Amino acid sequence: MSKRILVVDDDIVFVKLLQRFLSEDYEVSTALSGVQATHMIKTSEPDLLLLDIEMPGKDGFATLDYIKNLQLERKLPVIFITGRTDRDTLKRCAAAGASGYIEKPIVKDN
């Protein structure tokens, strides 16, 4: 059984690109909002969450806070995806409990 990744970002083009990059090796689900992601986590049980920080409504930090309060069977690793790489944002990622972050734009090496 392949590992499952849930990609969450409000930019559908970016989501589809990341899905295409990852689907060769992983089972990839996508969500276009933090709210949609919180519903999907309960049913899809991903092994990893790739989570955009800046989204309308429930941003990445609020989404992660909500997920941490769910009674999940196991700890869900979360990696933030962001175009913001200032020191305060990166500190906030670590303080929120993320396993790390990936900078946008993402380029796939062959």
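With all protein chains in place and a 1.4 Å probe, the accessible surface of the chain carries 50 percent carbon and sulfur.
Based on protein heavy atoms only, the chain ends up with 60 Å² per residue of surface accessible to a 1.4 Å probe.
Taken over the chain, the ratio of Cα radius of gyration to 2.2 N^0.38 Å equals 1.00. For region 51-110, the alpha carbon convex hull comes to 101 Å³ per residue, rounded to a whole number. Dipole size of the chain about its Cα centre, with +1 on Lys/Arg Cβ and -1 on Asp/Glu Cβ: approximately 220 debye, rounded to the nearest 20. Of the residues LEU51, ASN69, LEU32, the one whose Cα sits farthest towards the positive end of the charge dipole of the chain is ASN69 (charges of +1 on Lys and Arg Cβ, -1 on Asp and Glu Cβ, taken about the Cα centre). Here the Karplus curve 6.51 cos²θ - 1.76 cosθ + 1.60, taken at θ = phi - 60°, turns the phi angles of region 35-40 into couplings of 5, 4, 4, 5, 6, 5 Hz, with x standing for Gly and Pro. Here's the list of lysines a cross-link from LYS68 could span, going by alpha-carbon distance under 21 Å and ignoring same-chain residues fewer than 8 apart: LYS3, LYS42, LYS58, LYS91.
Peptide packing for 65-77, 37-49, 94-106 was compared via the average number of neighbouring C-beta atoms within 10 Å per residue; ordered from the highest value, the list is 37-49, 94-106, 65-77.
The values are calculated or read from the model by the stated rules, or taken from the named source; none is laboratory data. Note that the coordinates shown come from a computational prediction; the quantities given were computed from them, not determined experimentally. As a convention, Cβ positions derive from the backbone with ideal geometry for all residues, glycine included, and neighbour counts pool all protein chains shown. Please note that ligands, DNA and RNA were not included when accessible areas were found on the heavy atoms of the full protein model with its side chains. Shrake-Rupley method; radii C 1.70, N 1.55, O 1.52, S 1.80 Å.
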